[in-house]
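Taking it in order: structure first as structure tokens, then the write-up.
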Amino acid sequence: AQSVSQHNHHVILSEAASLELGCNYSYGGTVNLFWYVQYPGQHLQLLLKYFSGDPLVKGIKGFEAEFIKSKFSFNLRKPSVQWSDTAEYFCAVKGTTDSWGKFQFGAGTQVVVTP
Amino acid sequence: NAGVTQTPKFQVLKTGQSMTLQCAQDMNHNSMYWYRQDPGMGLRLIYYSASEGTTDKGEVPNGYNVSRLNKREFSLRLESAAPSQTSVYFCASRGQGFTEAFFGQGTRLTVV
């Protein structure tokens, strides 16, 4: 069965600090990978996605993620965070052979950026 | 662009009451989903629909029913609400091919 593990449940950091959120998945096949962000009181929005090709994926708002197939990981990074990056971040996985598009989400990481 | 629209945004129910959460998308997507979001548990799939006329159970279907009324609309019904169903409910849709899921604004449901 698919599973997604996000390493940290809560992260607190100061503005301008670097951010790295871990995501590991378990799935017996090739996958599509996603990072979603949920700002307070809002719905989930896509930050970035990986389907194939270059394992280093760049997304919106300066975020990037690296797919390391051998480690079943898809970690999210941002070199310098801003207060507006305070949000909850979700990693999600979908099997490429799953035409139904069932997404498996991680538990989420709450990120708080202090001024 | 409306995208995925959910109604209502907030709802308080008494235990045993029933209600239907509505979801509509205007992106001509085939697949639609209902998730519930609980603290520390991420999003868990309740039901999904790969196309009009088809539905299937997800991870946590007990206590819920769904209807894929047409390609645009996918409703979630709670027949007899329980406090354990207090949650935030998200509807999502997805097109064919290599695409992501698009989410609605959510419905915050409290069962007392």
**OP:** Kindly state, to the nearest 0.05, the FRET efficiency for A:T86 paired with B:M41, given R0 = 30 Å and r defined as their beta-carbon distance.
**Re:** 0.90
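Find, to one decimal place in angstroms, the Kirkwood hydrodynamic radius of the protein assembly as shown, where the mean of 1/r is taken over every pair of different Cα atoms and then inverted.
18.0
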**OP:** Work out the mean other chain Cβ neighbour count within 10 Å for the residues of B:53-63 and drop it here as an integer.
**Re:** 1
Original post:
What's the tally of Lys pairs in the stretch A:2-115 whose alpha-carbon atoms lie under 20 angstrom apart, where the two lysines are 8 or more places apart or on different chains?
Top reply: 15
Original post:
Can you give the mean number of other chain Cβ atoms that lie within 10 Å of the Cβ atoms in peptide B:28-39?
Top reply: 2
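Which FRET efficiency, nearest 0.05, do B:M27 and A:Q42 yield, Cβ-Cβ r, R0 22 Å? Mind showing how you got there, number by number?
Details: r = 19 Å, r/R0 = 0.85.
The computed FRET efficiency comes out at 0.70.
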Original post:
At q = 0.11, 0.21, 0.26 Å⁻¹, what is the log10 ratio I(q)/I(0) for the stretch A:26-115, with the Debye formula run over Cα points and no solvent?
Top reply: -0.31, -1.06, -1.46
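Every number in this text was worked out from the coordinates using simple rules, so none of it is lab data. Please read these numbers as outputs of a predicted model, since none were measured by experiment. Because the Cβ atoms are built from the backbone with ideal geometry, glycine has one as well, and the counts that use them run over all protein chains shown.
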